[in-house]
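The values are calculated or read from the model by the stated rules, or taken from the named source; none is laboratory data. Bear in mind the structure is a predicted one, so any value in this text is a computation, not a measurement. As a convention, Cβ positions derive from the backbone with ideal geometry for all residues, glycine included, and neighbour counts pool all protein chains shown. Note: accessible area is taken over every heavy atom of the protein model, side chains too, but ligands, DNA and RNA are not part of it. Shrake-Rupley method; radii C 1.70, N 1.55, O 1.52, S 1.80 Å.
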Amino acid sequence: MLVASSDESDVLRVFKTAWFSKAARKARIRDGDLLRAAQELMRGQADDLGGGVFKKRLNDNRHRSIVLAKAGPLLVFAFLYAKKDRASIDAGELKAFRKLAVAYASIKEWELAQALDKGDLQELKDDPQDEVQKRRV
């Protein structure tokens, strides 16, 4: 979990969608990389596309992620694409992501629990193996 401020109620929970999880695994992007990216996003190191939608560079700038974070206690990695395959998302996709960001901002705890139980969302946790792997390289 990330802390957005010193207030205990401002703990930020970071998630990835099931689709994003598959794409990230294929691109060899680990949860630890995503958590570091979330911290950078919280420091303003991402492209703000408006409406709670952010574009964050990943994997040594080879991939782009679309992250949803609209003034709520959660951040969701929703979409991933390779920079070599496309420059950005189109206007229709951006509009859909903005609507989704609004929905996530107002999600109830029971709805979140249900999405986690069904596997639609996965919460990111620090993985000590990430650090072990990085030290070996």
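Can you give me the accessible area per residue for the stretch 10-116, using a 1.4 Å probe, in Å²?
It amounts to 53 Å² per residue over the stretch 10-116.
Please arrange ASP85, ASP120 by accessible surface area, largest first, computed with a 1.4 Å probe and ligands excluded.
Correct descending sequence by accessible area is ASP85, ASP120.
Tell me which trypsin sites (Lys or Arg not before Pro) from the stretch 64-107 have a DSSP coil assignment and no more than 12 other beta carbons within 10 Å of their own.
Those satisfying the criteria are LYS84, ARG86.
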